[in-house]
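The values are calculated or read from the model by the stated rules, or taken from the named source; none is laboratory data. Just so it is clear, the model here is predicted, and its values are computed rather than measured. All Cβ positions, even for glycine, are placed from backbone atoms using ideal geometry, and neighbour counts span all protein chains on display. Remember, those area values only see protein heavy atoms, side chains included, never the ligands or the DNA or RNA. Shrake-Rupley method; radii C 1.70, N 1.55, O 1.52, S 1.80 Å.
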Amino acid sequence: MKTQYYTASSLDGFIADADNSLEWLLQFGDPPEGGYEEFIREVGAVAMGSTTYQWLLDNYIHLDQPDQKPWPYDQSAWVFTTGSLSAVPGADIRFVRGDVRPVHQAMAEAANGKNIWLIGGGELVGQFHDHGLLDELIVTIASVTLGGGAPLLPRAIVSPPLKLISARAQGEGFVELRYEVQKER
């Protein structure tokens, strides 16, 4: 089991623009073949921050609207929040706050040997990293620059550095980078 940060980023290192929009990414249409489908098969639990969750509600699910879509994940989900958020009917979502360590333990149990996906955002992923719980970064870099916005991972990871596992082109304008998070010795 690995705890993985799987996300898309602009070439200059942002996962959302200054308006918290993903239009820069959505302009490319469906994700390149092979990447997401392979990844999600090995995921047993997901976690995200409240901004990512609210973006899903507003831009994909359209909660309580005539065009409402179902929750997109079959896996149990944990949403880290300090406020109150609307639940998606029929979805296995747990709203949590505070220290990521006990939540990570519950997620690992629910994942039942499969991986844990940290969907976003970068600050939440940074907290998992700070406690030695992040194992891998899988970043699909898109061929755009944003000049600002939500950073990929607002942490200095210098020593030990991340270890590049693979780099592969995906479709036109994308490259997927996989990094192992090396633990302090």
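Across the options 72, 54, 3, the greatest Cα extent toward the positive end of the charge dipole of segment 1-104 (unit charges at beta carbon of Lys, Arg, Asp, Glu) belongs to 3.
Given +1 at the Cβ of Lys and Arg, -1 at the Cβ of Asp and Glu and no other charges, the dipole of segment 2-98 around its Cα centre is 520 debye to the nearest 20.
On a per residue basis, the chain carries 53 Å² of accessible surface, using protein heavy atoms and a 1.4 Å probe. Could you give log10 I(q)/I(0) at q = 0.17 Å⁻¹ for segment 8-94, computed by the Debye formula over C-alpha point scatterers of equal weight, without solvent? Values returned for q = 0.17 Å⁻¹ are -0.89. Between the listed residues 127, 90, 144, the Cα displaced farthest toward the positive end of the dipole of the chain, a dipole computed from Cβ unit charges relative to the Cα centre, is found at 127. Peptides 41-54, 68-81 ranked from most to least packed, by the mean per-residue count of other Cβ atoms within 10 Å: 41-54, 68-81.
Residues whose amide H lies under 5 Å from that of residue 115, counting only those 5 or more places away or on a different chain, are 2, 43, 44; hydrogens are built 1.01 Å from N in the peptide plane. Determine, at each q value in 0.09, 0.19 (inverse angstroms), the log₁₀ of I(q)/I(0) that the Debye formula gives when each Cα of the chain is one equal point scatterer. One equal scatterer on each Cα of the chain leads to -0.31, -1.56.
The heavy atoms of residue 168 offer some 90 square angstrom of accessible surface to a 1.4 angstrom probe.
Of 145, 82, 7, the order by accessible heavy-atom surface (1.4 Å probe, DNA, RNA and ligands excluded), from most exposed downward, is 82, 145, 7. On the chain, 49 percent of the accessible area sits on carbon and sulfur atoms, based on a 1.4 Å probe. In this Cβ point-charge picture (+1 for Lys and Arg, -1 for Asp and Glu), segment 1-41 has a dipole of about 280 debye about its Cα centre. In segment 117-185, the alpha-carbon atoms span a convex hull of 96 Å³ per residue.
The string of couplings for segment 15-30 from the Karplus curve (6.51, -1.76, 1.60, θ = phi - 60°) is 9, 8, 7, 4, 9, 6, 9, 10, 4, 4, 8, 5, 4, 7, x, 4 Hz, one whole number per residue in order, with x for Gly and Pro.
Residues 130, 12, sorted by accessible area with the largest first, give 130, 12 [1.4 Å probe; ligands and nucleic acids excluded].
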